[in-house]
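What follows draws every value from the coordinates through simple rules; no lab data is involved. Everything numeric in this text was worked out from a predicted model, so none of it was measured. Ideal geometry is used to build each Cβ from the backbone, glycine not excepted, and the neighbour counts take in all protein chains shown.
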Amino acid sequence: MTFRIAISSVFFTIAIALLPSIALADTLEARPGDPGWMHLGASALLWAHIAGGAIGMITGVVALAARKGQRVHRAAGSVFFMAMLMAYAIGAGVAPFLETGQRPNFVAGIMALYLLVSGTVAARRRDAKAGAWEVIGLIVALSITAAGLILMRMGAASPSGTVDGSPPQAFFLFTIAGTFAAAGELNFLVRRQLSNVARIARHLWRMCFSLFIASGSFFLGQQQVFPKPLQDSVLLLVLALAPLPVMLFWLGKIRFDAWRRRTKVAETSMPLGN
């Protein structure tokens, strides 16, 4: 994981170096009069963001479809983490400095990063003991919840009825996800340790919701890249929302499998009648 974080840190460092130029742009691009290295750097960041998101969505689908815990699932999950970490880090790092309003995208990027990292940690820490990371996670989750409430209030009070083009209803997502995540962190801190089933559920919903942020941003937020007949179609809406029903299915399955195992153990341990 250290190597993957290092790769994303390189691109994030490039973004910081380019901020004087990017801050004056509407999109992730250098100005016409900037040096050639700025244009190359901005293009590298843009394509890394696009490629990371595309690869992440593809490998995310593979990880969801593969048998959990097996080699294909683990390999796809590792690539998903690396690709999405890069895409989200670039998006969240650059968004506050663009000339046009990007506050919703910034909060969405932070939320996606938080869910991605905490979900991956849940899969790798088999001891599942609460500590400093969960305290940090609780602070981040509460901040996301607060940001959602503030943006909803700002949108409702705005003459345009939006915040940077997004209606108040869009920020309900931040509030719900942030509240749910904060409740999970608080529960973890109180219990101090999670069962294996709870740990897997924590990993599953956070990774799926992180994938949903990417699919929603692409299929609903970038409809101009699709053919005209597909724009504003039900198909794009279905593709954007697809990670959510899949998430519910797997959450239900792991809970059902755990219940079935407990039932089987209880039955085998019951004394035989006369």
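Results, tabulated for the structure shown:
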read-out: Linear extension gain, ALA51 paired with ALA65, 0.36 nm per residue minus alpha-carbon span; value: 2.9 nm
read-out: The stretch 130-215: trypsin sites (Lys or Arg not before Pro) in DSSP coil with no more than 15 other Cβ atoms inside 10 Å; value: ARG192
